[in-house]
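The values are calculated or read from the model by the stated rules, or taken from the named source; none is laboratory data. Please read these numbers as outputs of a predicted model, since none were measured by experiment. Quick reminder, even Gly has a Cβ in these numbers, built from the backbone with ideal geometry, and neighbours come from all protein chains shown.
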Amino acid sequence: MDLLIDSFRSAFLLMLSLDHELLVIVGCSLKVSGMATLLAALAGLPCGFVLSFASFPGKRLVITCLNTLLALPTVVIGLVVYAFISRRGILGALNLLYTQTAMVIGQVILIVPVIAVMTIAAIDRIDRRYRLTALTLGANRYQMAWMIFKEARFGVIAAVIAAFGRVIAEIGISMMLGGNARGFTRTMTTAMALEYDKGEFVLAVALGIVLMGFAFAVNMLFHLFQGRTGSDAL
Amino acid sequence: MLYELEAVTRVHGRRTVLDIPALSIPDGKIYSLIGPNGAGKTTLLHLLAFLDAPSTGTISFRSVPVRHTEKSLLPLRRQVVLLDQYPILFTGPVWKNLEFGLKIRKIERKKRKSLIEEALAQVGMQDFFYAQASTLSGGETKRVALARALAVRPRVLLCDEPTANVDGENQGVILDILERANREQGIAIVFATHSHSQAQRMSRQTLILKDGRLSDLLRDNVFMATIAGQSENGTVCSLQNGVEIRVPLAGTFASSCRIRLFLNPDHLIVLRESEAEGRDGLLAATVVMIASENGRIRITVDIGLPVHAILSRPEYARSRFTVGGKVFLCIGEKAVLIEEVFPLYRRQTGSVPLISDRSSSNR
């Protein structure tokens, strides 16, 4: 118990002193996860929109596959991406392994299905009458889709926030593709794992607190948007 | 013709929810569409609004066959607006809702504002310009949705039960707005309703749907009859059950001609025995039902067939009718419409009359 209390005390002191190493690690986490979320949103939102609006053979199968990908373990993504970007892989010449770019690629693969599936859910939750109303008022397909997006915006933003929460807390991809290089690819989760291995709990606990702080902020945002969506639905 | 439907069906799964061999709807008037739940009213309105495509058959709009492609439908949809039974307003202020259709039509900002104000004034909601849509009551929502539809100046306005779930006061307001839009702006209106009296009040022509098919059996006081005799004083019509009615219309029908006799419930007069003394041409009847309907009183009397009459509340209060009471039915000239029976719709080709046209049949 003393160990835990001491660790917490030291961790707070570390945070209050704005420890350089701590800031670098947090900065790396935010940069990688932020970029991954941005790119995944650019891919996942249109994907979710198209799957919501389009009607084509095999649509259900595609959605089922996306739902299945939600359960994809990060180590599997790490392995697959590793196979492509390792020296022997077809993208080996790009020297991506153990870079932040490699981490971003892996994290994008992790959360594109999350964003797409949650976008589909957000749009499908919008009453069918919105579409019919937009069409009968003379909207073309794109104007109707834009109107639906505006109605579903809180659900869509919640999807992006949830995806960010997913990547900032993941460890498998960061460890396998980033390599946990100090000052370069060391993120909060990989640093915590390392510090734990070393038996140094202070930085691990400090990072854990920061991570939980971010997770709390993300969840607050998520519930805020969910609440807005819920009240709109009424 | 505004619309011409040819062998139109709409199938959901294995169920045919609409089957209209042929139908024509001329331009510029108000049409009512009557039928019970599940009769296919909404399906038909969606087809007429180009929001759905028929499973088989063709729809022509202004004599041009409709091609159900995105590119072809867009200009048609911009002439026709459907007002849903439970209209939904977009999130945001009322003016934004009305602006949607105008913005899409690339109407400039200043003009948009004046059109929005005009449309809101038309429905008596001018004070709600900046109100949030989510704060409106059911009746207000319907009126704003109606304003949103009228703001784009459509050629056709399709209304799916525009007075459903609306209090009596707002019902009257909505019907007045529709009548005015038709009269002043020339907007053709097709509206679905359960209420026979509303249909009779509003429309010159009535389409009746039952089980997805056009029917002529549902409207109040519509009787299939044959001409049993004619004179200068009137026409004797022979109805079902051996009932004969002399109506004060001098027709020029062929003897034994099949007709459709319509007795307008709004203009039938029900008299107590004391009021009937000394008057000719009255039909003895028994009151079999008294019911309240949209703020008025519907009295059903038995003359060998049930006949409905509509009274205002003050009239009813004065009359003191009771179920089982003996009364007399006075059928004035104003209450009677007769039309020769022609096929309701054709199977293959030929002209397609609507089932009743008060303006044309009132001779």
How many residues are under 31 Å from the mean Cα position of the chain (by Cα), assigned to a loop (DSSP other than H, G, I, E, B) and either among the basic types (Lys, Arg) or away from every other protein chain (no Cβ under 14 Å) (or both) when one looks only at the stretch B:88-128? 4
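Looking at residue A:88, is it within 14 Å of chain B (Cβ to nearest Cβ) and modelled with pLDDT under 95? Reasoning before the result, please.
Working: within 14 Å of chain B (Cβ to nearest Cβ): no; modelled with pLDDT under 95: yes.
When the stated conditions are applied, residue A:88 does not pass them.
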Taking the stretch B:262-308, which residues are within 21 Å of residue B:243 (Cα to Cα) and under 18 Å from the mean Cα position of the chain (by Cα)? B:262, B:263, B:264, B:265, B:267, B:308
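Tell me, which residue of the stretch B:224-272 that is of a type in the set (D, E, K, R) and closer than 24 Å to residue B:199 by Cβ is surrounded by the most Cβ atoms within 10 Å (Cβ to Cβ)?
First pass over the stretch B:224-272, keeping only residues of a type in the set (D, E, K, R): B:232, B:244, B:246, B:258, B:260, B:266, B:272.
In the following step, the residues that additionally are closer than 24 Å to residue B:199 by Cβ were identified as B:258, B:260, B:266.
Values: B:258: 13, B:260: 20, B:266: 16.
Of everything passing the filter in the stretch B:224-272, B:260 is surrounded by the most Cβ atoms within 10 Å (Cβ to Cβ).
Answer yes or no as to whether residue B:131 is over 25 Å from the mean Cα position of the chain (by Cα) and farther than 23 Å from residue B:208 by Cβ. Spell out the reasoning first.
Details: over 25 Å from the mean Cα position of the chain (by Cα): yes; farther than 23 Å from residue B:208 by Cβ: yes.
So residue B:131 passes the test.
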From the set of residues in the stretch B:156-196 that are more than 14 Å from residue B:45 (Cβ to Cβ) and hydroxyl-bearing (Ser, Thr, Tyr), which is surrounded by the fewest Cβ atoms within 10 Å (Cβ to Cβ)? B:195
Of everything in the stretch B:39-87 that's surrounded by fewer than 20 Cβ atoms within 10 Å (Cβ to Cβ), at positive phi and in contact (Cβ under 8 Å) with a residue 60 or more places away in the chain, which residue is farthest from the other protein chains (Cβ to nearest Cβ)? B:63
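Would you mind listing the helices (runs of 4 or more DSSP H) fully within the stretch A:1-83 where at least 2 residues are under 27 Å from residue A:183 (Cα atoms) and within 16 Å of the chain's Cα centre (by Cα)? Steps first, please.
On the way: elements: A:2-16, A:20-53, A:59-69.
Hits in the stretch A:1-83: A:20-53.
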From the set of residues in the stretch A:148-192 that are surrounded by fewer than 20 Cβ atoms within 10 Å (Cβ to Cβ) and not in a helix (DSSP H, G or I), which is nearest to the other protein chains (Cβ to nearest Cβ)? A:169
Looking at the stretch B:129-140 only, could you name the residues that are touching a Leu at 6+ places or on another chain (Cβ under 8 Å) and more than 12 Å from chain A (Cβ to nearest Cβ)? B:129, B:136
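Rundown of residues vs (1) touching a helix residue (DSSP H, G or I) at 6+ places or on another chain (Cβ under 7 Å); (2) closer than 17 Å to residue A:21 by Cα, yes/no style:
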site: A:157; (1), (2): yes, no
site: A:161; (1), (2): yes, no
site: A:167; (1), (2): yes, no
site: A:177; (1), (2): yes, no
site: A:182; (1), (2): no, yes
site: A:200; (1), (2): no, yes
site: A:205; (1), (2): yes, yes
